Amino acid sequence: MTDSTYLALPFLDAAQAQKHVTHNEALARLDTLVHLSVSSRASAPPVSASEGDRLLIAPGATGAFAGKDNRVAAFLAGDWA
């Protein structure tokens, strides 16, 4: 599967099974990035988070944020994306 250039939105492949999964992932990414605001900068995922929380990942991040410096993390469907 290929992604769009700027937002990395997943494209549907010809004859792809479960198209709704790919489509819903694209909608979740758009929902996170359009009118973007983050609550804080964090170097590790917080212990508790609410659906839709967004953070800017600080340089030198650890845990689930390791290697994702300066990216936006969003808490969606019970996990960080």
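The values are calculated or read from the model by the stated rules, or taken from the named source; none is laboratory data. Given the structure is predicted, the values throughout are model-derived calculations rather than measurements. Glycine also receives a Cβ, built like all others from the backbone with ideal geometry; neighbour counts cover every protein chain displayed. Heads up: the accessible areas ignore ligands, DNA and RNA and are worked out on the full protein's heavy atoms, side chains in. Shrake-Rupley method; radii C 1.70, N 1.55, O 1.52, S 1.80 Å.
Worth a mention:
- Look at the alpha carbon pairs under 8 Å that are at least 6 residues apart: their mean separation over the length of the range 1-41 gives a relative contact order of 30 percent.
- Per atom type, the chain shows carbon and sulfur on 56% of its accessible surface, probed at 1.4 Å.
- When +1 charges are put on Lys and Arg Cβ atoms and -1 charges on Asp and Glu Cβ atoms, the dipole computed for the chain relative to its Cα centre reaches about 180 debye.
- Along the chain, counting only chymotrypsin sites (Phe, Trp or Tyr not before Pro) with a DSSP assignment other than H, G, I, E or B and at most 15 other Cβ atoms inside a 10 Å radius, the longest segment between sites is 12-81.
- Stretchable slack from D79 to F11, in nm (0.36 nm times residue separation minus alpha-carbon distance): 22.2 nm
- Acute angle (nearest 10 degrees) that the helix 19-33 long axis makes with the longest principal axis of the chain, alpha-carbon atoms: 40
- Ellipticity estimate at 222 nm from DSSP helix runs (n ≥ 4, -39,500 (n - 2.57)) divided over the chain, nearest 500: -6000 deg cm²/dmol
- Amide H contacts under 5 Å for S43, placed H, 5+ residues apart: A58
- Of all beta bridges that DSSP places with both ends in the chain, some 65 percent have antiparallel geometry.
- Within the shell of other residues whose beta carbon sits under 13 angstrom from the beta carbon of L9, the net charge comes to -2, with Lys and Arg scored +1 and Asp and Glu -1.
- Ordering A26, Y6, N70 by the projection of their Cα atoms onto the charge dipole of the chain, which places +1 on the Cβ of Lys and Arg and -1 on the Cβ of Asp and Glu, puts N70 at the extreme positive end.
- Based on protein heavy atoms only, the chain ends up with 68 Å² per residue of surface accessible to a 1.4 Å probe.
- Overall, the ratio between the Cα radius of gyration of the chain and 2.2 N^0.38 Å, rounded to two decimals, is 1.19.
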